[in-house]
Amino acid sequence: MKSPKQKRMTLMVAAIATPMFLFGAIGGIAESFKAPPEQLIAQAETRLAKGELSEAEALILKAEQKLPESAEVATLKANLLFQQDKKEEALAQFKLAGQKPGATAMVFQMQAMIHEQLKQFPEATVALEEALKREPVNAVIHNNLAMMKLQQGDRDGAEVNLFRAIQLQPGFPDAHRNLASLYKDKGLSLDAKRHFEIYLQLKPDAKERSEIEAWLKANSSAFSTENTPN
């Protein structure tokens with residue numbers, strides 16, 4: 001079953017998902033200086049979620065003074081830099097957060113997303129593998145890792161991760177679509193047909209629907225003759 005965090009993450013095909021922040025207690029900046037670190041973190045998350053970056057920065061700096069070794073605070077600081085469109089600084093901060101005890105899979109997913117945006121696919125792959133160590137049954141990470149492997153021509157490796165994503169989450173539309181596209185490129189039309197049809201069942205309003213249906217119709221004769229091991 002999808003975790004709440006997975007549900008709040010946009011599924012990646014060519015790009016990796018951005019995180020959503022948890023909502024915490026709202027308080028004034030003046031009062032925050034007397035607040036415990038947990039409250040500062042919650043307030044900073046709220047400000048970031050609202051796009052109130054100056055207020056969030058003040059709260060994060062105060063939290064950092066109280067918890068200088070906190071992976072959570074370091075992650076908030078990285079998210080702030082990312083929202084400020086300072087990608088390279090954000091990447092460096094996410095890597096710093098990843099070195100701290102308690103770093104979550106999301107830290108490495110964000111590293112991977114920025115690497116992907118910078119067309120640094122091997123580095124994105126490494127970051128996603130680190131994320132997978134922390135959440136080995138996360139279907140979204142398996143899907144995203146498959147996409148990075150495809151960018152580097154590793155279709156067999158991508159197939160393994162997509163299969164695992166579907167095994168973990170059978171109702172994951174994008175994993176079915178991505179696996180169908182992979183099979184289509186490999187010339188396995190019947191396998192592609194099966195996963196495209198599942199994708200359309202799971203996502204009937206898919207923007208690619210007409211394109212997929214046109215391909216299914218154009219290849220209908222091949223489906224009755226193709227032998228496939230899968």
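The values are calculated or read from the model by the stated rules, or taken from the named source; none is laboratory data. Small disclaimer: the values here were computed from a predicted structure and weren't measured. Neighbour counts run over all protein chains shown; Cβ positions are idealised from the backbone, glycine included.
A few points about this structure:
- Checklist (1) surrounded by 15 or more Cβ atoms within 10 Å (Cβ to Cβ); (2) closer than 25 Å to LYS149 by Cβ; (3) of a type in the set (Lys, Arg) applied to LYS119, failing item: (1)
- Selected residue [of a type in the set (Val, Ile, Thr), surrounded by fewer than 23 Cβ atoms within 10 Å (Cβ to Cβ) and under 24 Å from SER70 (Cα atoms)] from VAL126, VAL160: VAL126
- Among the residues making up the range 43-81, a single one is surrounded by fewer than 22 Cβ atoms within 10 Å (Cβ to Cβ), touching a Phe, Trp or Tyr at 6+ places or on another chain (Cβ under 8 Å) and small (Gly, Ala, Ser): ALA49.
- Yes/no for GLU72 being at pLDDT below 95 and assigned to a helix (DSSP H, G or I): yes
- If you go through the range 195-224 and keep only what is within 29 Å of the chain's Cα centre (by Cα) and aliphatic (A, V, I, L, M), you end up with ILE198, LEU200, LEU202, ALA206, ILE212.
- Long-range neighbours under 6 Å by Cβ, at least six apart or interchain, first residue surrounded by 14 or more Cβ atoms within 10 Å (Cβ to Cβ) within the range 191-216, second among the hydroxyl-bearing types (Ser, Thr, Tyr): ASP191/TYR183; ASP191/THR228; ALA192/TYR183
- ALA124 being within 22 Å of PHE82 (Cα to Cα), under 12 Å from the mean Cα position of the chain (by Cα) and not charged (D, E, K, R): yes
- Some residue of the range 142-161 being touching a Pro at 6+ places or on another chain (Cβ under 6 Å) and not assigned by TED's automatic domain parsing to the domain that holds ASN219: no
- Test result for MET106, under 25 Å from GLU45 (Cα atoms) and buried (at least 24 other Cβ atoms within 10 Å of the Cβ): no
- Considering residues of the range 168-222 that are among the polar types (S, T, N, Q) and not in a helix (DSSP H, G or I) only, the residue nearest to ARG155 (Cα to Cα): GLN169
- Among the numbered conditions (1) over 14 Å from ILE41 (Cα atoms); (2) surrounded by 18 or more Cβ atoms within 10 Å (Cβ to Cβ); (3) over 16 Å from the mean Cα position of the chain (by Cα), the only one that LYS87 does not meet is (2).
- Taking first residues from the range 94-105 that are in contact (Cβ under 8 Å) with a residue 40 or more places away in the chain and partners that are among the hydrophobic types (A, V, I, L, M, F, W, C), no Cβ contact under 8 Å between residues at least 6 apart in sequence or on separate chains turns up.
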